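Q: Below is the structure I would like to discuss, written out as structure tokens.
The values are calculated or read from the model by the stated rules, or taken from the named source; none is laboratory data. As the structure is a prediction and not an experimental result, all values here were calculated from the model. Here the Cβ positions follow ideal geometry from the backbone for every residue, glycine too, while neighbour counts run over all protein chains shown. Quick note on the areas: whole protein, heavy atoms, side chains included, nothing else; ligands and nucleic acids left out. Shrake-Rupley method; radii C 1.70, N 1.55, O 1.52, S 1.80 Å.
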Amino acid sequence: MTEKTIKVDYIARVEGQGAISIDITKYGKVENLQFKIFEPPRFFESFLVGRKYDEVMELTSRICGICPVAHQITALRAVENAMGIVISNQTRDLRKLMAISARIFRVMFSACIF
Amino acid sequence: MAKKPKIGVFKLTGCAGCQMEIFRMEDEFLDLIKLFDISYWKMAKRDNDDKDLDIALIEGGISTPWEIEEIKCIRKNTKFLVAFGDCAIGGCIPSIRNWIPQMESEEIVYPDPSKICSTKVHGIGEYVKVDAELKGCPPHRKTILELLKSALLKIRPRLRQHPVCVECKFQGNACLITSNKLPCMGPVISGGCGAICPTLGRICEGCFGPMSNPNASALANIFRDIGLNDEDIKRKFRKYSGMSPEFRLEAGH
Ligand code: SF4
Ligand code: SF4
Ligand code: SF4
């Protein structure tokens with residue numbers, strides 16, 4: 001039998017567009033867990049079809065305003081893989097630096113605000 | 001002291017990038033908290049109250065039936081409603097799919113589209129009266145500050161109406177269209193970013209949306225002269241503001 005229910009109606013870390021509900025029995029067993037994302041779909045996979053290779057990074061950075069860099073670097077790698085482009089070590093290191101700094105920003109941001 | 005203005009920040013179909021820009025006002029953020037009563041902002045706080053707002057900043061466009069209800073409800077509860085960023089103004093990048101049949105989009109992304117409830121993307125102005133627009137994807141923090149300061153002083157905010165080119169000239173850049181024959185959108189795009197991209201040698205892609213009264217067809221002709229075909233031109237205008245009345249023709253409506 002459920003003894004405790006933890007309910008979060010909107011999770012700040014997914015921009016308030018997700019909810020979680022957990023039912024726990026008196027023995028500490030999770031009986032029911034529901035995770036809901038109600039962010040409206042934006043269909044990036046669909047409208048990217050027909051766009052030019054050099055626009056992909058710019059467009060995918062708008063998937064998420066909290067972590068645009070991750071989407072940018074992933075998009076670049078996808079395009080490079082498709083076209084067989086090998087990047088220099090310098091470029092790879094610069095991207096790593098950018099990814100790490102974006103991560104520091106995100107963690108600091110979450111720690112300060114939420 | 002007079003009662004602090006109540007402010008609400010809402011997210012509809014957007015990426016949270018506009019809201020992040022408020023957090024990025026690092027030097028002013030603490031003053032903002034002091035001067036405004038932030039009564040609704042799900043991304044930043046737990047207890048939220050959306051009643052009797054003086055200002056509502058709306059990030060994101062409308063793409064679901066319940067967002068139509070939500071924006072009407074916010075409008076009823078708000079004195080001054082701001083379309084905060086390109087998504088709220090005209091749908092922005094997600095609106096590129098407005099040219100693709102809805103079912104086709106859904107089938108590309110979801111194995112079972114029967115669970116998806118989504119419409120074409122529109123700006124909030126399709127459904128409610130909007131009192132101010134903050135252009136940009138995302139708007140520049142200085143513009144947000146200008147709007148909030150004006151609200152405190154109860155004066156009209158000075159929002160930029162000139163094109164990116166003006167700011168590009170202030171930076172002393174050589175023009176990418178005339179010198180390099182590159183298809184820069186600067187001449188029809190609203191200023192406010194400080195011409196970041198041309199200053200770094202990249203063409204302006206148009207993320208601040210149309211300036212006031214732009215001559216889009218003349219720029220399309222220039223693009224044709226420097227070698228773009230009709231499809232290229234459509235793609236350029238159908239990116240951040242394809243749904244705007246200013247770019248409608250060039251975006252291929
Ligand atoms: S306008 Fe740009 S930054 Fe703002 S929510 Fe839309 S995509 Fe994100
Ligand atoms: S580079 Fe672009 S923004 Fe700058 S002056 Fe030329 S057209 Fe205008
Ligand atoms: S794309 Fe144009 S409007 Fe956007 S930041 Fe670059 S120069 Fe500014």
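Q: Quickly run through the range B:174-192 and pick out the residues that are within 16 Å of ligand 3 (Cβ to nearest atom) and open to solvent by 30 Å² or more (accessible area, probe 1.4 Å).
A: Within the range B:174-192, B:ALA174, B:CYS175, B:ASN180, B:LEU182, B:PRO187 meet the criteria.
Q: Still on this model: Scan B:VAL130, B:VAL164 and give me the residue that is within 16 Å of ligand 1 (Cβ to nearest atom), more than 14 Å from every other protein chain (Cβ to nearest Cβ) and surrounded by 15 or more Cβ atoms within 10 Å (Cβ to Cβ).
A: Just a single option satisfies the conditions, and that option is B:VAL130.
A quick yes/no check of all residues on (1) within 14 Å of chain A (Cβ to nearest Cβ); (2) farther than 26 Å from A:ILE37 by Cα; (3) surrounded by fewer than 17 Cβ atoms within 10 Å (Cβ to Cβ):
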| residue | (1), (2), (3) |
| --- | --- |
| B:PHE84 | yes, no, no |
| B:PRO94 | yes, no, no |
| B:MET103 | yes, no, yes |
| B:GLU106 | yes, no, no |
| B:ASP112 | yes, no, yes |
| B:THR119 | yes, no, yes |
| B:LEU148 | no, yes, no |
| B:LYS154 | no, yes, yes |
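Q: Residues that are of a type in the set (Lys, Arg) and under 21 Å from B:MET243 (Cβ atoms): find the helices (runs of 4 or more DSSP H) completely inside the range B:28-91 holding 1 or more of those.
A: B:65-77
Q: Based on this model, can you work out whether B:LYS45 counts as crowded, with 24+ Cβ neighbours inside 10 Å and either in the same structural domain as B:GLY209 (by TED's automatic domain parsing) or closer than 24 Å to A:ARG106 by Cβ (or both)?
A: It is false that B:LYS45 is crowded, with 24+ Cβ neighbours inside 10 Å and either in the same structural domain as B:GLY209 (by TED's automatic domain parsing) or closer than 24 Å to A:ARG106 by Cβ (or both).
Q: So B:ILE89 passes all but one of these: (1) more than 25 Å from B:GLU146 (Cα to Cα); (2) within 16 Å of ligand 3 (Cβ to nearest atom); (3) more than 10 Å from chain A (Cβ to nearest Cβ). Which condition number does it fail?
A: (1)
Q: Please find, within the range A:89-111, the residue that is farthest from the other protein chains (Cβ to nearest Cβ) out of those that are over 19 Å from the mean Cα position of the chain (by Cα) and open to solvent by 60 Å² or more (accessible area, probe 1.4 Å).
A: A:ASN89
Q: What's the total number of residues in the range B:6-32 that are open to solvent by 30 Å² or more (accessible area, probe 1.4 Å) and over 22 Å from A:TYR10 (Cα atoms)?
A: 7
Residue by residue, here is whether (1) part of a loop (DSSP other than H, G, I, E, B); (2) within 14 Å of chain A (Cβ to nearest Cβ); (3) more than 16 Å from ligand 1 (Cβ to nearest atom) holds:
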site: B:GLY192; (1), (2), (3): yes, no, no
site: B:GLU205; (1), (2), (3): yes, yes, no
site: B:ALA218; (1), (2), (3): no, no, yes
site: B:GLU231; (1), (2), (3): no, yes, yes
site: B:TYR240; (1), (2), (3): yes, yes, no
site: B:SER244; (1), (2), (3): yes, no, no
site: B:HIS253; (1), (2), (3): yes, no, yes
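Q: Hey, among the residues in the range A:17-46 that are open to solvent by 40 Å² or more (accessible area, probe 1.4 Å), without any contact (Cβ under 8 Å) to a residue 24 or more places away in the chain and not in a loop (DSSP other than H, G, I, E, B), which one's farthest from B:TRP66 (Cα to Cα)?
A: A:VAL30
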